[in-house]
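Please read the structure below before turning to the comments.
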Amino acid sequence: MSGRDAIVAEIPRLRRYARALTGRADAADDLVQDTLTRALEKWHFWQRERELRPWLFSIMHNLHVDALRRSHPVVFCDADDLPISVQRAEQHDALVLRDLERSLALLPLEQREVLLLVGLEELSYAEVARTLAIPPGTVMSRLARARARLREILAGAAVPVLKVVKK
Amino acid sequence: MNTPISEDDLHAHADGQLAPERQTQVEAWLAVHPEQRAQVDAWREQAAALHRQFDAVLDEPVPARLLPPPAADHWFDARKAAAVAWLMLGGVTGFFLRGETVQELQQPLAAMSSLPRQAAIAHAVFVPEVRHPVEVGADQEAHLVAWLSKRLGSELKPPQLEAAGYKLMGGRLLPGDSKKGVAQFMYENAARDRLTLYVQPDAPTADGTGFRYAREDGIDVFYWVDGRFGYALSGSTGRDDMLRLATLVYRQHDK
């Protein structure tokens, strides 16, 4: 399989992750497009012993973080500082699903990335650490916080305080 | 003696990332710790919900804009290597087949058929170049024309394709069958499609005039002989479009 074919074969996975990460179909595909462009430019630098998929996810991560740094309309409070009252609400599955995208958006990016790479993309913890260039211990602590936080948000209680900065 | 079960173990258990032996230990521990068991189940349910929500994306057709063009691929590496090998082979053969032998061995038709191949290789090598697509840019067109005309031993002018939306980017000199070398002009339109015109001096007289067409590794090449030059126009915008452009080039040289 040629390099182009190998990369093209990963496009559906990249689109799924980008959709879950950004929460918007158009923004997700823009991110995928930028990722593919960068991957083809940097193809020579890809170390063959590295798995292609984590490498592509790491390119996407860097592009996404760069883009957010350039324009950050939303500033998140430190998730751990937020007051949370846990209330278990009986929810239908459909409602849970509808809320899932919104709930994901309420997670800090660094927690959302780890949660999605592990839970949705099923990367190993070591692959997640390489993809995000963070120590394995940080993967575990972010995963634990993300899961706890998502549970609280889905339970209908916790809504982080968002500060919208007008540009 | 079992090491105590940590929260990391529970996550790894939920994600199926434990070694089998440890997996068994954690299973046994969870059997007597229902609260943690419920937590692990809740984590697994989160992952399942993520799949239910987003897996549909996997089955969506990939938008055309996301598919990279074939030329941008790393097959370009192979092409580049092939081009170098080809040029070296040409040089070596040329060295051994100097003099009259060359005339005897090189039938016009064979030489003619190598024109589109060499043009396509040169096209594949230089078209993906971002920083150095050309040796001399169109901003120095007078110099470009004088230089290439001198090297090819005959007055040479790059055709104007602006009517078709293509601007001259510049040109370069390439090694060819003769000492004179071969000229390559490159053009680009607003959509960043690139064309190259490969101009070979002292082209053998082919039987009959008119265009010939070849498709080399996804590159459409129209080639013809006009006067002393052999021309090959290479591009990837489709056969019909390339024929239209080749006609435009031909007419300018035919005047």
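The values are calculated or read from the model by the stated rules, or taken from the named source; none is laboratory data. Computed from a predicted model, the values in this text were never measured in an experiment. Please note: Cβ atoms are built from the backbone with ideal geometry, for glycine as well, and neighbour counts cover all protein chains shown.
Answer yes or no as to whether B:LEU18 is under 30 Å from A:ALA25 (Cβ atoms), at pLDDT 85 or above and within 14 Å of chain A (Cβ to nearest Cβ). Against the criterion (under 30 Å from A:ALA25 (Cβ atoms), at pLDDT 85 or above and within 14 Å of chain A (Cβ to nearest Cβ)), B:LEU18 does not qualify.
Going by the conditions given, is B:LYS179 surrounded by fewer than 22 Cβ atoms within 10 Å (Cβ to Cβ), out of contact with any helix residue (DSSP H, G or I) (no Cβ under 6 Å at 6 or more places or on another chain) and under 24 Å from B:ILE219 (Cα atoms)? So B:LYS179 fails the test. Just checking, how many residues over segment B:38-59 are closer than 17 Å to A:ALA144 by Cβ and either in contact (Cβ under 8 Å) with a residue 40 or more places away in the chain or of a type outside the set (Val, Ile, Thr) (or both)? Residues that pass the stated criteria total 10.
One residue stands out in segment A:118-147 among those that are part of a loop (DSSP other than H, G, I, E, B) and either among the hydroxyl-bearing types (Ser, Thr, Tyr) or at the interface with chain B (Cβ under 10 Å from one of its Cβ atoms) (or both): the one that is farthest from B:ALA48 (Cα to Cα), namely A:SER124.
Within segment A:22-36, the residues that satisfy the criterion of being facing another protein chain (nearest Cβ under 10 Å) and either buried (at least 17 other Cβ atoms within 10 Å of the Cβ) or in contact with a strand residue (DSSP E or B) (Cβ under 6 Å, 6 or more places away or on another chain) (or both) are A:ALA28, A:ASP29, A:ASP30, A:VAL32, A:GLN33, A:THR35, A:LEU36. Taken across segment B:235-253, residues that are buried (at least 16 other Cβ atoms within 10 Å of the Cβ) and part of a strand (DSSP E or B) do occur, with at least one present. Of the residues A:ASP80, A:ASP66, A:ASP26, the single one that is at pLDDT below 90, farther than 28 Å from B:LEU58 by Cα and of a type in the set (D, E, K, R) is A:ASP80.
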